[in-house]
Structures are given as structure tokens and as C-alpha cells.
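Working notes, structure below.
The values are calculated or read from the model by the stated rules, or taken from the named source; none is laboratory data. Note that the coordinates shown come from a computational prediction; the quantities given were computed from them, not determined experimentally. Because the Cβ atoms are built from the backbone with ideal geometry, glycine has one as well, and the counts that use them run over all protein chains shown.
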Amino acid sequence: MSKLIALKSGTHEILSDAWFSDFSNLKQESLLFDQIQIYKLEKFYKALIETQSIVSKLYPNLSNKIDSIIMELEWLRQTGVVTELKMEEELHNQVIEEFERKAPSQMFEDAKKLLKKIIEIQTSDLINSEDEAERTSLKREQHFALLRLMSIVIETTKDVTAVTTIPYTEYSRELPNSRKSSVTQIAINKLPLPNNETPWEQIIDYRNDPENRKNLLSLRRWIRKISTECPSPAEIEEEIEWLMNEFQSHMNVHKMKANTEALEVIVKAPLELLELKFSKIAEPLFALKKRQINLMEAELNAPGKEMSYIIKTRDAFQPN
């Protein structure tokens with residue numbers, strides 16, 4: 001299975017997630033992605049370290065919060081859940097030359113448009129505007145265009161699928177050919193949002209489980225397929241909900257049928273035992289095994305099975 005990699009901003013995305021939701025969004029994304037690469041991660045990490053001593057003196061109540069963020073971020077880096085995304089490595093001359101050789105014409109044109117946008121913002125008089133809100137908005141736009149550019153280059157040169165995790169409402173009208181990121185972001189939002197009591201080890205073990213990996217592959221293939229069909233965000237939402245309803249309805253019917261068949265055998269078992277029909281005593285075990293096989297077959301043939309990963313992940317992680 002080709003790796004699915006998320007590109008995030010350490011300046012505009014990680015801070016709010018760490019501070020306000022204890023990395024819940026990062027946990028949610030880790031249920032879908034193999035790896036999360038964060039641009040300016042090191043800068044964010046160093047800023048936390050540098051402010052740690054100051055905050056502990058001025059705001060003792062916040063000191064534990066910062067310590068917790070630093071420890072969790074360090075563990076995520078050590079385990080490879082998150083890594084540093086470096087522009088100088090992803091966009092240096094040799095990589096760009098390889099990209100020019102391999103990129104389809106449309107992707108190459110998209111990259112040129114993104115580079116033009118980045119340069120226009122950098123050279124704009126507004127970038128040094130005294131209006132802080134306007135200046136921040138421009139830098140944010142430039143940042144997201146750069147992430148999108150790097151995702152195109154990485155996907156072309158490294159044989160992986162790379163998308164940004166920026167909410168599609170913020171860039172779908174601005175960044176060219178960002179459909180795959182839009183579909184992925186909508187799919188992410190259908191996954192549960194684990195709370196701060198959910199350990200990272202549980203997230204990683206769940207994602208790496210062989211059965212879950214098969215369902216995850218099916219979801220990723222659907223994301224790639226639907227991305228080529230140019231649907232609107234509203235159409236994507238509607239399609240996901242329809243597929244999920246179809247899958248759940250199909251499985252509910254088959255579960256009721258399988259449960260009824262197994263129950264009939266189990267209810268008869270005590271009577272067979274009283275009549276000393278020992279050949280019948282093992283039937284409940286076979287009935288339960290048959291039930292399991294029937295449900296597996298039903299899932300393989302179920303409409304909307306591409307959404308089974310989302311549905312099962314909700315059952316596993318949805319907070320009570």
C-alpha cells in the first residue's frame with residue numbers, strides 16, 4: 001500500500017491543536033495517515049522550550065500544560081508519528097529537476113501557479129502592512145500555497161500520496177487542483193475525534209492491525225478514485241453519508257439473520273444434551289463459527305464497504 005502522508009503547518013495548525021485540544025486533531029489524522037510531516041516543526045518546538053522557563057515564572061498554572069505538550073511532541077518525533085518537513089530538502093535543485101521530468105503537464109502547470117502565488121505574496125507591499133490581521137492572512141495564504149506546492153513535488157518524486165490537511169473551505173478556491181486534499185479532509189472529519197485520555201499507542205496499534213489496514217486501503221482507494229471525478233464538497237459529503245448508510249443497513253440485516261440462525265442452534269443444544277444426542281452437542285460452536293463466516297462474506301459483498309473503516313473506527317474510538 002502506497003504511503004499516505006499529511007503535510008501540516010507548525011505555525012498555523014499544530015499550535016491550536018496542542019493548546020486547545022491536546023492533539024485530538026493530530027490523533028484523528030493519525031487514524032488515516034501513515035505519517036504526518038510538519039513544516040516549521042522544529043521552530044515551534046524550540047519556541048516552546050524557550051518560553052517554558054518564562055511561563056513557569058509568570059504563569060505557574062500554565063507551566064504544566066507546556067511541559068505536557070513538549071513531552072508529547074518529543075515522543076511523537078521519536079516514534080516517527082510526526083517528522084520535520086524541510087522546504088530546503090523538498091524543493092532543492094535536484095528534486096525540482098526530477099519533478100520537471102516526471103510531472104504530468106497539468107501538475108507542472110499547477111506547480112507554476114502556486115510558485116507564482118508564493119512570489120507575488122512575498123513581493124507584495126501588503127506583506128509589510130501595518131494592518132496585523134491583513135499581514136497574518138497573507139502569510140497564512142502563502143504558507144498554505146507552499147505546503148500545496150511541496151505536496152505536489154513530494155507525490156511526484158517519492159511515489160507516495162501527499163496531501164495537505166488545511167480545511168478545504170480555506171483553500172479550495174485559491175489553490176489549483178486541490179481536490180484530493182479536499183476529499184481527504186472531508187473523510188478525516190468523518191473519523192472520530194479521540195479525547196486526551198486515548199493513548200497514542202492505542203491509535204497506532206489500531207491503525208497497524210492487519211484487518212484494519214485492509215479496510216483503510218479500501219477507503220484510501222475510494223479517496224483517490226473520487227478525487228478524479230471533480231465532485232463538489234457537498235457532493236462528497238452526500239456520497240460518504242450514502243455509502244455509510246448502505247453499508248450499515250446491509251450489515252444490520254445480515255447480523256440479525258446470522259444471530260437468529262446461531263440462536264436457534266444454541267437454544268436447541270440443552271434439549272439435545274438431555275436426549276444424549278452427543279453428536280449434536282458441538283453444533284453451537286459450529287453455529288457461532290458459521291455466523292462469523294457469514295458476516296465476513298456479507299461485509300465483502302456489502303455496498304459502501306469503502307466506508308467500513310470509518311464506521312468501525314467510530315465504534316472503537318467514539319467518546320461515550
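Scoring Val82 on the criteria (1) touching a Leu at 6+ places or on another chain (Cβ under 6 Å); (2) modelled with pLDDT under 85 leaves a single failure, condition (2).
Is it fair to say Ser2 is among the hydroxyl-bearing types (Ser, Thr, Tyr), under 30 Å from Thr228 (Cβ atoms) and loosely packed, with under 15 Cβ neighbours inside 10 Å? Taking the combined requirement at face value, the residue satisfies it.
Residues are listed down the side, and each one gets a yes or a no for (1) closer than 24 Å to Arg207 by Cβ; (2) touching a residue at least 60 places away in the same chain (Cβ under 8 Å); (3) surrounded by fewer than 12 Cβ atoms within 10 Å (Cβ to Cβ); (4) among the aromatic types (Phe, Trp, Tyr):
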{"position": "Lys8", "(1), (2), (3), (4)": "yes, yes, no, no"}
{"position": "Glu13", "(1), (2), (3), (4)": "yes, yes, no, no"}
{"position": "Ala18", "(1), (2), (3), (4)": "yes, no, no, no"}
{"position": "Asp22", "(1), (2), (3), (4)": "yes, yes, no, no"}
{"position": "Lys46", "(1), (2), (3), (4)": "no, no, yes, no"}
{"position": "Thr51", "(1), (2), (3), (4)": "no, no, no, no"}
{"position": "Pro60", "(1), (2), (3), (4)": "no, no, yes, no"}
{"position": "Leu76", "(1), (2), (3), (4)": "yes, yes, no, no"}
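Against the test of being within 17 Å of Ser227 (Cβ to Cβ), of a type in the set (A, V, I, L, M) and either at pLDDT 90 or above or outside any helix (DSSP H, G or I) (or both), the options Ile166, Ile203 yield a single qualifying residue, Ile166.
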